[in-house]
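Asks: Here it is, the structure in full.
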Amino acid sequence: MNRSITSLMLSSALLLGGAATAQAAMPDEATLYMNPECGCCHEYARLLEERGVAVTVIDDVEVGKIKQQVGLPYGKGSCHTTLMGDYAIEGHVPFEAIETLFKQRLNVGGIGLAGMPIGTPGMPGPKQGDWEVYQFTDQEPMPFMTL
């Protein structure tokens with residue numbers, strides 16, 4: 001092979017490898033704990049599945065106990081808690097924040113978005129204001145990112 005074709009093939013391989021690495025940021029599997037009556041939780045799970053994450057939905061446990069086990073800060077909860085990789089994801093956290101968490105591999109228990117803000121994944125309507133995503137460990141919240 002001549003030098004320019006070899007160089008082109010090597011460049012293409014590096015670009016494709018980089019794309020695969022960027023796509024591999026989120027885990028392939030997640031477990032979402034929710035109350036059985038909540039439709040927006042199913043929508044969040046569906047949207048995760050569209051991103052290539054196989055989601056197991058569990059709706060027959062006391063969700064409050066799950067939140068306590070993962071060290072969720074008091075008053076920062078939402079309608080569901082998702083376990084992905086080594087992290088807990090609380091509520092309707094935008095996927096950009098989840099991808100950032102897995103790229104940075106922070107030493108935290110997880111991230112969350114309190115309440116059920118309109119316009120977040122799984123919640124209908126247009127975005128209204130900034131979303132303050134927090135990180136937490138052992139029930140202590142700290143700012144993570146604003147979207």
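Asks: Would you check if residue 97 is touching a strand residue (DSSP E or B) at 6+ places or on another chain (Cβ under 9 Å), surrounded by 15 or more Cβ atoms within 10 Å (Cβ to Cβ) and either touching a residue at least 12 places away in the same chain (Cβ under 8 Å) or within 19 Å of residue 25 (Cβ to Cβ) (or both)?
Replies: Yes.
Asks: Tell me, please, whether a residue that is in contact (Cβ under 8 Å) with a residue 60 or more places away in the chain and under 18 Å from residue 26 (Cα atoms) can be found in the range 62-75.
Replies: no
Asks: Would you say residue 135 is polar (S, T, N, Q) and assigned to a strand (DSSP E or B)?
Replies: Yes.
Asks: Which residue is farthest from residue 45 (Cα to Cα), if the candidates are limited to the range 114-147 and must be in contact (Cβ under 8 Å) with a residue 24 or more places away in the chain and in contact with an Asp or Glu (Cβ under 7 Å, 6 or more places away or on another chain)?
Replies: 147
Any read-out appearing in this document is the output of simple, stated calculations on the displayed coordinates, not a laboratory observation. Here the structure is a predicted model, which is why all the values come from computation and not from measurement. Cβ atoms come from the backbone with ideal geometry, glycine included; neighbour counts cover every protein chain shown.
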